[in-house]
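The structure appears right after this line, and notes come after that.
The values are calculated or read from the model by the stated rules, or taken from the named source; none is laboratory data. Please read these numbers as outputs of a predicted model, since none were measured by experiment. A quick note on method: Cβ atoms are made from the backbone with ideal geometry, for glycine too, and the neighbour counts reach across all protein chains shown. Calculation scope for accessible area: heavy atoms of the full protein, side chains included, ligands and nucleic acids excluded. Shrake-Rupley method; radii C 1.70, N 1.55, O 1.52, S 1.80 Å.
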Amino acid sequence: MNTEANRETLERILVESRNIHGVSLWQDAWNRLRRNPAAMISLTCLVLLAVLAILTPLLPLQSPIDKDLNERRFLPPNLGTVVMGGRPGLKFADGTLTGELDRFNAEIADLAIQLQSTSDPQQRQALAAGIAARIDIEHPFNQMWNELGPVSWWMCQTRVALFGNYAIPSLFGTDKLGRDLLARVFWGARVSLIVGIVATLVSLIIGVSWGAIAGYFGGMIDAAMMRIVDMLYSIPFIFVVIFLVTFLGEDSVKKKLDSIGIDQITIFYMVIGAIYWLTMSRVVRGQVLSLRSEQFIESARTVGASPMRIVFRHLVPNVLGVVIVYLTLTIPSVMLFEAFLSFLGLGVSPPDVSWGLLLNDGVEALSIIKVFWWVVVFPGGALAATLFALNFLGDGIRDALDPRMKNRD
Amino acid sequence: MRDLLGYLLKRAAWMVLTLWAVYTVSFVLMRSVPGNPFSGERSVPPAIERQLKARYNLDAPPLQQYWDYLVGVVTRLDLGWSTRLEDYSVNQVIAEGFPVSATLAIFALVFAILLGVTAGIISAVYRRSTADHVLMFAAVLGIAIPNFVLASLAILLFVFMIQIFPAGGWGTLQQIALPAFCLGLPVAAYIARLSRTGMLEMLTKDHVRTAYAKGLPKRTVILRHVVPGAMLPVVSYLGPAVARVLTGSLVLEKIFALPGMGSHFINAATQRDYTLAMGMVLTYTVLLFVMNTLVDLTYAIIDPRVKLR
């Protein structure tokens with residue numbers, strides 16, 4: 001009787017426990033974040049922005065680099081129809097992109113047939129080189145877009161297949177060289193977002209490794225590593241970076257870097273990433289210091305895990321919460337810094353576009369004679385809205401992951 | 001007093017160390033660029049090139065150059081000659097630009113503190129009111145919008161559309177107001193948030209309750225017993241605020257075409273005027289160090305619990 005009753009209670013408890021699902025830290029944080037409307041709206045906007053930025057070549061936008069100095073300078077926002085490749089100066093067949101593509105492909109096909117029919121290897125080589133050079137210079141895509149990568153190239157092809165010669169009218173107006181501002185804002189978003197993400201990742205990798213290693217090993221290593229951080233902290237980095245850029249922009253230095261396959265944007269990521277890791281390393285070190293005497297680290301050491309394995313396998317995953325909180329605060333400041341440098345003419349250089357560069361163009365175009373408000377308002381609005389959303393999301397994630405930090409600055 | 005002296009010495013030592021590191025790195029970079037600053041220009045007669053090299057001390061061996069410049073800076077505060085601005089020494093350029101930048105920065109900081117603290121106090125005292133929500137939303141906006149976007153929009157609005165302010169120039173209060181406003185606004189937003197948090201924390205303290213209990217009017221309680229304590233985080237933010245205003249002035253001086261240190265620095269960078277750029281970096285480092293030390297000292301004087309380290 002007694003055992004029967006016990007059994008029943010046990011079974012009841014068992015069923016109950018099966019229905020209870022443990023809530024992990026991440027689920028808990030996600031639930032809390034979901035209840036924060038400002039953060040969720042920001043998140044939606046940012047995801048939308050990221051998707052649009054990735055898919056930019058696929059969208060029926062006008063060319064971001066095709067200039068029209070005769071008829072389209074400083075057009076205010078309008079709904080006038082625009083045909084891709086319709087500018088007379090381009091001398092495209094039929095005055096359309098598709099027409100020119102057909103003509104060009106036919107020409108290349110002719111050349112390819114010629115290539116197949118010749119047997120002399122030297123002649124063949126010359127012909128093949130000629131075809132490559134023609135594609136490089138004369139392909140309509142290379143006249144409409146700037147240095148497309150393979151993926152973007154494919155997306156542009158899909159776009160032509162999907163939309164033909166249709167292009168969205170100049171909803172944001174055009175700039176001082178007659179380029180469509182809407183297209184430029186979209187292409188600029190790609191650069192700005194990539195700089196934000198890549199530079200943050202660089203800072204993440206350096207900062208987390210540095211902080212975790214200093215915190216775990218402690219003693220002399222810790223002291224030395226943290227003194228270096230202290231020292232770097234006291235250097236006014238923005239000024240030093242601007243100073244650095246003066247060297248990196250020197251023609252001879254540029255050529256040297258180009259020859260090892262590093263272009264300016266890559267350096268840009270590195271430089272920005274390399275200066276934003278300091279706070280990250282301090283934060284991670286503090287967390288690791290409090291974690292390293294915990295039992296799970298002790299037991300990992302007992303079973304013979306190497307120090308590096310302990311640091312990166314056992315300690316780093318446990319400080320991820322703090323790292324993510326700090327990460328969401330780093331992305332906007334990195335994007336801001338990129339815009340800041342590009343605005344000063346020291347960052348991304350034309351024909352690449354970024355929001356900072358667009359704003360710089362916009363401010364230069366401001367004059368008393370006629371107010372071209374659209375060249376400032378749209379890029380500035382895009383940058384401000386993105387930073388705004390990132391800030392809100394960052395605050396939201398901080399509150400969600402660590403409720404104790406709520407309302408603190 | 002002993003504390004203070006030790007602290008100042010320690011800070012000075014750090015500053016010297018930092019400056020030396022910045023100088024060394026800059027010097028190595030400067031030397032690692034192939035050729036000399038004049039090799040890119042149209043070719044000059046050998047005699048003139050010799051003269052140029054002698055003037056910029058480029059004919060000495062690198063170590064000697066490193067040492068000479070260092071001695072010049074330490075003993076005579078001489079930062080050398082600008083390579084692009086003819087007949088200007090770096091010191092002259094800084095001496096011309098500094099008053100402009102300093103005026104702008106002081107106006108911006110004063111404006112930021114006044115606006116930020118007022119907004120913070122209002123939104124903390126009338127917590128959860130419409131004013132609070134509006135002010136704090138404005139603060140988030142102010143933090144998120146970069147000051148060069150703000151400045152561009154401000155020019156568009158207040159210079160071109162509603163013509164209140166002049167488009168450029170320097171000297172009169174009207175000409176200073178708009179740049180200082182754009183420079184100070186983001187800082188004001190930060191200060192508003194900090195002082196609001198500080199106020200809310202102070203409002204729950206026992207001594208404030210006592211002050212209310214003994215019948216002091218609300219105004220006196222807030223101004224005498226709450227505000228002083230709530231200002232501590234604001235004071236400690238002033239160091240970063242100075243840094244922010246200085247970096248912000250780089251872009252604002254460019255936008256408003258002001259002849260300050262910032263625009264000289266940017267010009268030096270874009271025109272590859274190495275000596276001027278290096279002199280500027282060193283000057284900015286000193287400025288920030290001094291300002292930070294001053295802020296820390298003020299903090300220690302205001303709050304006796306803080307020990308100078």
Problem - Unmet criterion (only one of (1) without any contact (Cβ under 8 Å) to a residue 12 or more places away in the chain; (2) more than 10 Å from chain A (Cβ to nearest Cβ)) for B:Thr247 - result: (2)
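Within the stretch B:10-22, is there a residue that is within 14 Å of chain A (Cβ to nearest Cβ), closer than 24 Å to A:Asp251 by Cα, modelled with pLDDT of 80 or more and surrounded by 14 or more Cβ atoms within 10 Å (Cβ to Cβ)?
Yes, the stretch B:10-22 has at least one match.
Being surrounded by fewer than 19 Cβ atoms within 10 Å (Cβ to Cβ) and touching a residue at least 60 places away in the same chain (Cβ under 8 Å) is the filter here; which residues of the stretch B:89-109 pass it? Spell out how you get there, then give the answer.
Taking the stretch B:89-109 and keeping what is surrounded by fewer than 19 Cβ atoms within 10 Å (Cβ to Cβ), we get B:89, B:91-92, B:95-96, B:98-99, B:102-103, B:106.
Answer for the stretch B:89-109, where residues must be surrounded by fewer than 19 Cβ atoms within 10 Å (Cβ to Cβ) and touching a residue at least 60 places away in the same chain (Cβ under 8 Å): B:Asn91, B:Glu96, B:Phe98, B:Thr103.
Every residue, every condition in (1) closer than 30 Å to A:Val151 by Cβ; (2) part of a helix (DSSP H, G or I); (3) of a type outside the set (Val, Ile, Thr); (4) touching a helix residue (DSSP H, G or I) at 6+ places or on another chain (Cβ under 8 Å), yes or no:
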{"site": "A:Thr3", "(1), (2), (3), (4)": "no, yes, no, no"}
{"site": "A:Glu8", "(1), (2), (3), (4)": "no, yes, yes, no"}
{"site": "A:Ile13", "(1), (2), (3), (4)": "no, yes, no, no"}
{"site": "A:Arg18", "(1), (2), (3), (4)": "no, yes, yes, no"}
{"site": "A:His21", "(1), (2), (3), (4)": "no, no, yes, no"}
{"site": "A:Ala29", "(1), (2), (3), (4)": "no, yes, yes, yes"}
{"site": "A:Arg32", "(1), (2), (3), (4)": "no, yes, yes, yes"}
{"site": "A:Leu43", "(1), (2), (3), (4)": "yes, yes, yes, yes"}
Problem - Residue list for the stretch B:179-237, restricted to those being of a type in the set (Gly, Ala, Ser), surrounded by 22 or more Cβ atoms within 10 Å (Cβ to Cβ), more than 13 Å from chain A (Cβ to nearest Cβ) and out of contact with any Gly (no Cβ under 6 Å at 6 or more places or on another chain) - result: B:Ala180, B:Gly184
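Here is a check on your reading of the model: is B:Val226 without any contact (Cβ under 8 Å) to a residue 40 or more places away in the chain and within 29 Å of B:Gly142 (Cβ to Cβ)? Break it down stepwise before answering.
Details: without any contact (Cβ under 8 Å) to a residue 40 or more places away in the chain: yes; within 29 Å of B:Gly142 (Cβ to Cβ): yes.
For B:Val226, the condition - without any contact (Cβ under 8 Å) to a residue 40 or more places away in the chain and within 29 Å of B:Gly142 (Cβ to Cβ) - is met.
For the stretch A:279-295, state whether one or more residues are within 14 Å of chain B (Cβ to nearest Cβ) and surrounded by fewer than 21 Cβ atoms within 10 Å (Cβ to Cβ). Let's see the steps before the verdict.
The initial filter retains those residues of the stretch A:279-295 that are within 14 Å of chain B (Cβ to nearest Cβ), namely A:279.
Now drop any that are not surrounded by fewer than 21 Cβ atoms within 10 Å (Cβ to Cβ), which leaves A:279.
Among the residues of the stretch A:279-295, at least one is within 14 Å of chain B (Cβ to nearest Cβ) and surrounded by fewer than 21 Cβ atoms within 10 Å (Cβ to Cβ), which makes the answer yes.
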Practice task
Give the stretch B:123-168 a look and list any residue that's at the interface with chain A (Cβ under 8 Å from one of its Cβ atoms), in a helix (DSSP H, G or I) and open to solvent by 40 Å² or more (accessible area, probe 1.4 Å), or say none.
Solution key: B:Leu141, B:Leu153, B:Met161
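Give A:Ile221, A:Ile197, A:Ile213, A:Ile205 a once-over and let me know the one that is buried (at least 18 other Cβ atoms within 10 Å of the Cβ) and either hydrophobic (A, V, I, L, M, F, W, C) or within 14 Å of chain B (Cβ to nearest Cβ) (or both).
On the way: A:Ile221 fails: buried (at least 18 other Cβ atoms within 10 Å of the Cβ); A:Ile197 fails: buried (at least 18 other Cβ atoms within 10 Å of the Cβ); A:Ile205 fails: buried (at least 18 other Cβ atoms within 10 Å of the Cβ).
The conditions single out A:Ile213.
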Completion exercise
Of those in the stretch A:230-248 that are facing another protein chain (nearest Cβ under 7 Å) and aromatic (Phe, Trp, Tyr), the residue surrounded by the fewest Cβ atoms within 10 Å (Cβ to Cβ) is A:Phe247
Practice task
Determine which member of the set A:Val51, A:Val47, A:Val23, A:Val15 is over 29 Å from A:Leu383 (Cβ atoms), among the β-branched types (Val, Ile, Thr) and at pLDDT 85 or above.
Solution key: A:Val15
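How many of the residues in the stretch A:28-43 are open to solvent by 100 Å² or more (accessible area, probe 1.4 Å) and not hydrophobic (A, V, I, L, M, F, W, C)?
First pass over the stretch A:28-43, keeping only residues open to solvent by 100 Å² or more (accessible area, probe 1.4 Å): A:30, A:34-35, A:41.
Checking the rest, the ones that are also not hydrophobic (A, V, I, L, M, F, W, C) come to A:34-35.
Result for the stretch A:28-43: 2.
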Completion exercise
Expected single match for part of a loop (DSSP other than H, G, I, E, B), crowded, with 17+ Cβ neighbours inside 10 Å and in contact with a Gly (Cβ under 9 Å, 6 or more places away or on another chain) among A:Pro76, A:Pro64 is A:Pro64
Problem - Qualifying residues in the stretch A:249-264 (those that are open to solvent by 40 Å² or more (accessible area, probe 1.4 Å) and within 26 Å of B:Thr247 (Cα to Cα)) - the one nearest to the other protein chains (Cβ to nearest Cβ) - result: A:Glu250
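Looking at B:Leu252, B:Leu288, B:Leu294, which one is farther than 15 Å from A:Leu346 by Cα, part of a helix (DSSP H, G or I), free of Cβ contacts under 8 Å to residues at least 24 places away in the same chain and touching a helix residue (DSSP H, G or I) at 6+ places or on another chain (Cβ under 9 Å)? Explain how you work it out, then say what you get.
Numbers: B:Leu252 fails: free of Cβ contacts under 8 Å to residues at least 24 places away in the same chain; B:Leu288 fails: free of Cβ contacts under 8 Å to residues at least 24 places away in the same chain.
Among B:Leu252, B:Leu288, B:Leu294, only B:Leu294 is farther than 15 Å from A:Leu346 by Cα, part of a helix (DSSP H, G or I), free of Cβ contacts under 8 Å to residues at least 24 places away in the same chain and touching a helix residue (DSSP H, G or I) at 6+ places or on another chain (Cβ under 9 Å).
Would you say B:Gly171 is of a type outside the set (S, T, N, Q), over 26 Å from A:Gly356 (Cβ atoms) and not in a helix (DSSP H, G or I)? Don't jump to the end; show me each part of the working.
On the way: of a type outside the set (S, T, N, Q): yes; over 26 Å from A:Gly356 (Cβ atoms): yes; not in a helix (DSSP H, G or I): yes.
Against the criterion (of a type outside the set (S, T, N, Q), over 26 Å from A:Gly356 (Cβ atoms) and not in a helix (DSSP H, G or I)), B:Gly171 qualifies.
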Exercise for the section: Scan the stretch A:172-185 and give yes if some residue there is at pLDDT 85 or above, surrounded by fewer than 20 Cβ atoms within 10 Å (Cβ to Cβ), not assigned by TED's automatic domain parsing to the domain that holds A:Leu101 and not β-branched (Val, Ile, Thr), otherwise no. Expected result: no
Exercise for the section: Please verify whether the stretch A:124-136 includes one or more residues that are within 30 Å of A:Pro76 (Cβ to Cβ) and loosely packed, with under 13 Cβ neighbours inside 10 Å. Expected result: no
Exercise for the section: Report the residue count in the stretch B:287-309 for those that are at pLDDT 85 or above, open to solvent by less than 50 Å² (accessible area, probe 1.4 Å) and either within 13 Å of B:Leu246 (Cα to Cα) or not β-branched (Val, Ile, Thr) (or both). Expected result: 4
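Among the residues of the stretch A:119-132, is there at least one that is in contact (Cβ under 8 Å) with a residue 60 or more places away in the chain and of a type outside the set (Val, Ile, Thr)? Write out each step before concluding.
In the first step, residues of the stretch A:119-132 are kept if they are in contact (Cβ under 8 Å) with a residue 60 or more places away in the chain; the result is none.
Within the stretch A:119-132, not a single residue is in contact (Cβ under 8 Å) with a residue 60 or more places away in the chain and of a type outside the set (Val, Ile, Thr).
If only one of A:Leu52, A:Leu69 is surrounded by fewer than 16 Cβ atoms within 10 Å (Cβ to Cβ), outside any loop (DSSP other than H, G, I, E, B), aliphatic (A, V, I, L, M) and outside the structural domain of A:Thr386 (by TED's automatic domain parsing), which one is it? Before you say what the answer is, go through the steps one by one.
Numbers: A:Leu69 fails: outside any loop (DSSP other than H, G, I, E, B).
The conditions single out A:Leu52.
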Problem - Residues (closer than 30 Å to A:Gly321 by Cα and of a type outside the set (A, V, I, L, M)) located in the stretch A:7-26 - result: A:Ser17, A:Arg18, A:Asn19, A:His21, A:Gly22, A:Ser24, A:Trp26
Exercise for the section: For B:Val110, work out the one condition from (1) closer than 30 Å to A:Trp355 by Cα; (2) of a type in the set (A, V, I, L, M); (3) assigned to a helix (DSSP H, G or I); (4) away from chain A (no Cβ under 11 Å) it doesn't fulfil. Expected result: (1)
